[in-house]
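Q: Below: one structure in C-alpha cells.
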Amino acid sequence: MDSPITAPDGDWWSEKINRRESIWLGISGVWALTLFGWMLGWTEFGAQNQTGETYEVSTEALRQKVQTYKQSAGTLTVDGEELLVPPENDVYVGALQWGWDGLPAVLRPGETYRFHLGSYDVQHGFSVRNADNLSQQISLQVLPGYEWVLEMSFDDPGTYHVVCNEFCGEGHRSMHGKFLVRDYDESAVTAPEEDGSESGGDADYGGWFTGDAAGGATENYDGTTVDETGADQVTVTVGSDGEGGTAAFDPPAVSVSQGTTVTFEWASNNHNLLVDAQPDGADWGGHEPFENEGFSVEHTFETSGVYTYYCEPHLGIGMKGVVEVV
Amino acid sequence: MFGFSTYEYDDDGFRECNVTGLSIHESAEDMVKLYGLTAILALAIGGAFAVAVALTRWEAIGLLSAGDFYTYLSVHAWNLLIFWMVFMEIAILYVGGPFVLGRRLSLPRVAKVGWVVMAAGAVLVNAAILFTEYPNQAPLLTSYVPLPSSWQFYLGATVFVLGAIVAAVPFLATIWHHQQENPGKTLPLVTFGAFITSVVALEALLGGVITYVPTLLWRVGYFESLDPAFYRQMYWIIGHGSQQINLLAMITVWYFLTHVVGGAVVASQKVSRAAFVLYLFFINLGAAHHLMSDPVVSAGWRMWNTSYAAYGAVLASMIHAFAIPAGLEVGRRAKGKAGGLFGWLWSSPWDDPGFSATILSIILFGFLGGITGVMMGQMQLNMTWHNTLATVGHFHATVATGTTLAFMGLGYYVLRLVFGRDWSLGPIAKIQPYLYGGAMGLTVLMMMYTGILFGVPRRHPSVMDIPGTAFSFSPAKPFFAVFGVAALLAILGGALFVVVALASLLFGEPFEGAPVGDVQRAAADGGGRAGGEGKAAHAYSMRGTFVLCLVFLGAFVTLWALNWYLLSTIWQIGP
C-alpha cells in the first residue's frame with residue numbers, strides 16, 4: 001500500500017480500483033449529468049430563468065430613458081402615495097446612489113412586464129422580495145453602462161420591496177424602493193402631464209435645472225423662484241420629497257436679499273451640499289460631509305448673484321438648487 | 001530561524017523527522033516557519049476584526065456605524081480570505097515540495113524576496129483600507145469598479161499578487177530540479193497535489209494582475225474609465241481562483257494529515273490523481289458562477305461554464321470525498337484498528353487536534369460548503385443566493401470552517417514537527433477544533449437560513465431598520481441572535497488556536513517524536529501492489545466510507561430538491 005508522501009513504485013496506473021470506489025465514481029458522474037441536465041431543462045420547462053437581452057447604454061442616455069418613461073407614465077395614489085403606472089408593459093428602473101428611479105410603481109397581476117434595469121453610477125443589486133413571503137426573493141446584478149431587459153410576471157398581489165444588495169457606498173443600506181402588484185381601475189389613474197418640458201418660467205439659470213447641465217433634470221423646479229427678498233430668516237429643506245424619493249431641495253430656487261442668512265435643514269439621510277458656481281468674490285463652501293435627518297447648516301449670503309448648488313449623491317436624479325442674491 | 005526550534009541539522013543542513021521519516025532541509029524549514037507564522041498573524045488580525053463585524057450584524061448589539069462597518073469588514077475579509085490563506089498556502093507548497101521530496105528549497109533567496117514583497121503588499125492593503133477617505137470607499141473584497149477605492153489599495157493588491165507569484169517560483173524550481181534528477185519517476189501524491197495547486201494558483205494570480213493593474217491605472221488617471229462587466233469577469237479569476245487555491249491546498253493537507261496522524265494510505269493513486277487533473281482543467285472555470293445573475297454574459301455562456309464546473313470540478317470533489325476517508329479506512333483496517341462498519345472511525349485519535357481538525361474540516365466543508373457551492377452554481381438557483389447572507393454562509397463554510405480547520409490541523413503539526421514544540425495548554429488544544437468547528441458550523445447555518453428563507457442581503461450593517469421605510473427583515477431576528485452568540489464562540493475558538501500556538505512556541509516542551517496518533521505510520525506501508533507481497537489497498541473493504549458517502553449524497557439531493565422547490569414558488573422571470 002502507498003503512502004501519500006512517498007513516490008509510488010511500479011505500475012500504479014494498472015492497479016485495480018476497489019469495487020465500491022468504482023460504483024461511487026459512477027454515481028458521481030450520473031449526478032453531475034443530472035445537475036447539468038436539470039438546469040438546461042429548466043430553461044425550457046421552468047418559469048424562473050434570468051435570461052434577457054442586454055444593451056450597452058451610457059448612464060446619461062439611460063437617465064433620459066427613465067425620465068421619458070416617467071413623464072409618459074400615469075400615476076395612481078394608494079394610501080397617500082403616488083405610484084407610477086407604466087404606460088405600456090415596459091417598466092424602467094434606474095439604480096443610483098442611493099435610490100431606485102422609476103419606483104414606486106404599480107403593476108397588474110398576471111401581466112407580463114419587461115423590466116429595464118440599469119444604473120446611473122456604480123454597481124447595484126436589484127433584490128426583490130414579496131413582503132408577505134420573504135423567501136420569495138431574487139437578486140440581479142445591475143451594472144452602469146448596460147441595460148438589462150428581463151420579463152417578469154407576478155401572480156401574487158402584494159407589496160414587493162426592492163433593496164440594494166451590492167455594496168454601493170456608505171448609504172448602501174438606505175437604498176429602498178417598492179412596487180405594488182394589484183388590480184386597479186383605469187379611471188383612478190391620473191394621466192401624465194402633457195407638458196414634460198422643464199423651466200420656461202421666469203428664470204432658467206443657464207439651464208441648471210435641466211438634464212443638459214450636470215446631473216439629471218430637477219423635477220420639483222417648475223420654473224418659479226420663491227421670492228424671499230426682505231425676509232431675515234430663510235430655510236431650505238434638504239432631502240424633502242421629490243425626485244423619486246427623498247432627494248430634492250425645497251424650494252429648489254429662492255431669491256433673497258444681500259446679507260440674508262439661509263438655513264439648510266436636512267429632512268432625510270445621506271445628503272451634502274456642493275457649490276457648483278457662485279458670483280466672483282463669494283465664499284460659500286457648501287457642506288461636503290454627508291449628513292442625516294436633523295442636521296442643519298447656515299450661510300450668510302453677502303455677494304449678489306446666482307449660486308448654484310447640488311447634492312452630490314443625488315445629482316443624477318436632479319437634486320439641484322439655486323440661491324439668487326439680489 | 002526565530003530560535004523557537006528545538007531541532008539540530010547535520011552538516012549538510014538536513015535532519016530526519018522521526019514521525020514522518022522525511023528528510024527536511026533547513027532552507028525549506030526556515031521558509032515554512034516564516035510563511036506559517038505570518039499566516040497566523042494575519043489570522044489573528046482578521047479574527048480580531050471579525051468580532052466587530054459579527055457584533056454589528058447582530059443588531060441587538062449593533063456595534064459599528066455604516067462607514068466603520070465597511071472598513072472593518074474589508075480588513076476582516078482581506079486578512080482572512082487572502083493573507084491568512086495565501087501565506088499558509090506558500091508554506092504548504094514548501095512542505096509538499098522540498099519536505100516531501102527530501103530536498104533543499106531551490107532559490108531560497110527568491111522565497112525571501114517573495115515574502116518581503118507579499119508582506120509589503122499586505123501591509124499596504126491594510127493601511128489603505130484603514131485610511132480610506134471620501135470619495136474613496138472601503139473596497140470590501142471585490143472593489144467593483146466604478147465605485148472607487150484608493151489607488152494605494154490597488155497598488156497594495158498588485159504588489160501582494162506579484163509577491164505570491166515570486167514566492168511560488170522556488171517551489172516550481174524544486175520540482176523542476178527533482179524531475180531533472182529523477183526522470184520518469186512519479187511524484188508522491190502530496191507533492192502532485194501541491195504541484196496542481198501551484199498551477200491553479202498561478203492562473204488565479206495572473207488574473208489578479210489583469211484585474212488590479214488596469215484598476216490602478218484607472219485610479220491614477222491613466223484610463224478614464226473601466227468597463228464594470230470586464231472588471232467583474234477579470235476580478236473573479238482571482239476572486240474565486242484564490243479560493244480554489246484554498247480548496248486544493250486543503251485537500252492536499254487532508255491527504256497529508258490523515259496519513260501522518262491517522263495512518264491513512266492512498267486508496268487508489270490513479271483515481272486521486274485523476275481528480276487533481278480534473279481540478280487543473282475545470283476548477284477555475286467554475287468561477288463563472290459569480291456572473292450567473294449578471295447582465296452582459298449570455299445564457300449560453302453561463303450554462304456552458306456551469307456545465308464545466310458540474311462535470312469537472314464537482315466530480316473531482318466527490319472523488320476526493322470518497323478517496324480520503326477510504327484511505328483512512330483501508331490504512332486503519334490494515335493496521336488492525338478496525339472492526340465492523342465504522343470501527344476504523346471510532347478507534348481514531350479524536351483527542352489529537354491535528355486529527356479532529358482534519359476530519360471536522362472534511363465533514364463541514366463537504367456538507368455545508370460543497371453542497372451549497374453547487375446550489376449557487378446552478379444558473380437559476382443562483383438568483384435566490386446571489387449577494388444574500390447565504391452566500392456569505394457558503395464561503396464561511398468552505399474557507400472559514402473547512403479550509404481554516406485544515407490549516408489549523410496542519411498548524412498543530414507544524415508546531416510539533418517543524419518547531420519541535422509539543423502543545424502547551426494540552427486540554428485546550430484538544431477541544432479547540434470542536435469548539436471552533438461546531439460554533440462556525442452553527443454560524444454559517446444561520447447565515448444560510450437568513451439569506452435563503454428571509455432574503456437578508458449581505459454587506460449591510462443593519463437590516464432591521466432601513467431608513468425611509470417601515471419595511472425591514474425583522475422576522476429574521478431570532479436567527480441573528482443565534483448567529484451572534486455562535487459567531488462569538490467561533491471567534492473564541494479561533495483565538496484559542498492562536499493562544500495555543502504562541503504558548504507552544506514560547507513555552508512548549510521539546511516534542512519527543514513518534515508515535516503520533518495511535519498507529520505506527522509506516523507499519524503497513526510498502527508492499528501490496530498487484531503481484532507483490534501483502535494485500536493491496538483495493539482489496540480492503542471500503543464499506544464504511546461507501547455508507548458515509550451515500551449519506552452525503554442523500555443530504556446533497558435533499559437540499560438540492562428543496563432549493564429548486566423554493567425557486568419554483570417565485571413569480572415568473574424570463575421568457
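Q: Cα axis of helix B:269-282 to longest principal axis of chain B: angle in degrees, 0 to 90, nearest 10?
A: That helix lies at roughly 20 degrees to the long axis.
Q: Could you give the semi-axes, largest first, of the ellipsoid that matches chain A, computed as the square roots of 5 times the alpha carbon gyration tensor eigenvalues and rounded to whole Å?
A: The equivalent ellipsoid of chain A has semi-axes of 53, 26, 16 Å.
Q: Please state the shape class of region A:129-183: rounded when a/c is under 1.5, otherwise prolate if a/b exceeds b/c and oblate if not, all from the C-alpha gyration tensor.
A: oblate
Q: In addition: Tell me the angle of helix B:426-453 to the major Cα principal axis of chain B, expressed in degrees between 0 and 90 and rounded to the nearest ten.
A: The answer is roughly 30 degrees.
Q: Return the FRET efficiency for the residue pair B:SER65, B:GLN180: r is the Cβ-Cβ distance, R0 is 56 Å, and the value is rounded to the nearest 0.05.
A: 0.45
Q: Additional query: Per residue of B:136-146, how many C-beta atoms from partner chains lie within 10 Å of its own C-beta, taken as a mean?
A: Mean shielding count: 3.
Q: Could I ask something else about it? Taking the number of other C-beta atoms within 10 Å as the exposure measure, put B:PHE367, B:PHE407 in order starting with the fewest.
A: B:PHE367, B:PHE407
Q: Given the Cα-Cα distance of A:GLU293 and A:LEU274 and 0.36 nm per residue of separation, how much length would full extension add, in nm?
A: Between A:GLU293 and A:LEU274, full extension yields 5.1 nm more.
Q: When you look at the Cβ of every residue in B:325-331, what mean number of other chain Cβ atoms sits within 10 Å?
A: Other-chain Cβ atoms within 10 Å of each residue's Cβ, averaged: 2.
Q: Do any trypsin sites (Lys or Arg not before Pro) in region B:398-464 lie in a loop, going by DSSP, with at most 14 other beta-carbon atoms within 10 Å of their beta carbon, and if so which?
A: Taking region B:398-464 and a limit of 14 other Cβ atoms within 10 Å, no loop trypsin sites (Lys or Arg not before Pro) are found.
Q: How large are Rg and Dmax for chain B when only the alpha carbon atoms are used, in Å?
A: When restricted to Cα atoms, chain B yields Rg and Dmax of 23.3, 77 Å.
Q: Moving on. Can you give the Rg and Dmax of region B:23-157 based on its C-alpha atoms, in angstrom?
A: Using the Cα atoms of region B:23-157, the pair Rg, Dmax is 17.6, 55 Å.
Q: Follow-up. Determine Rg/Rh for the protein assembly as shown; Rg is computed over alpha-carbon atoms and Rh is the Kirkwood hydrodynamic estimate from the same atoms.
A: 1.03
Q: Could you compute the FRET efficiency for B:VAL551 and B:TYR434, with r as their C-beta to C-beta distance and R0 at 25 Å, rounded to 0.05?
A: My answer for the efficiency is 0.75.
Q: Which order do A:MET39, B:MET31 fall in if you start with the one that has the fewest other Cβ atoms within 10 Å?
A: A:MET39, B:MET31
Q: Across region B:104-207, how large is the tail of the calculated P(r) beyond 20 Å, expressed as a percent of all Cα pairs?
A: 51
Q: Excluding A:GLU166 itself, what net charge comes from residues whose Cβ is under 15 Å from its Cβ, given Lys and Arg +1 and Asp and Glu -1?
A: Net charge in that neighbourhood comes out at +1.
Q: How about B:LYS337: which lysines have a C-alpha closer than 18 Å to its C-alpha, ignoring those fewer than 8 places off in the same chain?
A: Leaving aside lysines fewer than 8 places away in the same chain, those within reach of B:LYS337 are B:LYS535.
Q: Another question, then. So if we plug the beta-carbon distance of A:ALA61 and B:PHE131 into 1/(1 + (r/R0)^6) with R0 = 60 Å, what FRET efficiency do we get, rounded to 0.05?
A: In this case the efficiency is close to 0.95.
Q: A further question follows. If Rh is defined by the Kirkwood formula over all Cα pairs and Rg also comes from Cα, what ratio Rg/Rh do you get for region A:80-146?
A: Answer for region A:80-146: 0.97.
Q: Compute, for region A:205-325, the length of the dipole vector about the Cα centre, with Cβ point charges of +1 (Lys, Arg) and -1 (Asp, Glu) only. Units Debye, rounded to 20.
A: 140
Q: Per DSSP H run of n ≥ 4, the term is -39500 (n - 2.57); total these for the protein assembly as shown, divide by its residue number, and report the mean residue ellipticity at 222 nm rounded to 500 deg cm²/dmol.
A: For the protein assembly as shown, the value works out to -15000 deg cm²/dmol.
Q: Give me the dipole magnitude in Debye, nearest 20, for region A:54-188 about the Cα centre, with unit charges on the beta carbon: positive for Lys and Arg, negative for Asp and Glu.
A: 260
Q: Take the alpha carbon gyration tensor of region A:81-203, find the square roots of its eigenvalues, order them as a ≥ b ≥ c, and report rounded if a/c is under 1.5; if not, report prolate when a/b exceeds b/c, else oblate.
A: The shape class here is oblate.
Q: Please order A:PHE126, B:PHE342 by the number of other Cβ within 10 Å, starting at the fewest.
A: The most exposed by this proxy come first: B:PHE342, A:PHE126.
Q: With axes computed from alpha carbons, what is the tilt in degrees of helix B:543-568 against the longest principal axis of chain B, rounded to the nearest 10 within 0 to 90?
A: 10
Q: Which value, in debye to the nearest 20, gives the size of the charge dipole of the protein assembly as shown about its Cα centre, when Lys and Arg are +1 and Asp and Glu are -1 at the Cβ?
A: Approximately 6100 debye in magnitude.
Q: Calculate log10 I(q)/I(0) of region A:205-325 for q = 0.11, 0.13, 0.21, 0.22 Å⁻¹, where I(q) comes from the Debye formula with a single equal point scatterer on each Cα and nothing for solvent.
A: Scattering profile of region A:205-325, log10 relative to I(0): -0.30, -0.43, -1.21, -1.33.
Q: Find the relative contact order for chain B and round it to a whole percent, using C-alpha pairs within less than 8 Å whose residues are 6+ positions apart.
A: After rounding, I find 16 percent.
Q: Now for a different question. Cα-Cα pairs above 13 Å in region B:444-488: how many percent?
A: 54
Every read-out reported here was derived from the displayed coordinates using simple, explicitly stated rules and does not represent laboratory data. Source: prediction; values computed, not measured. Here the Cβ is made from the backbone with ideal geometry for all residues, glycine too, and neighbour counts use every protein chain on show.
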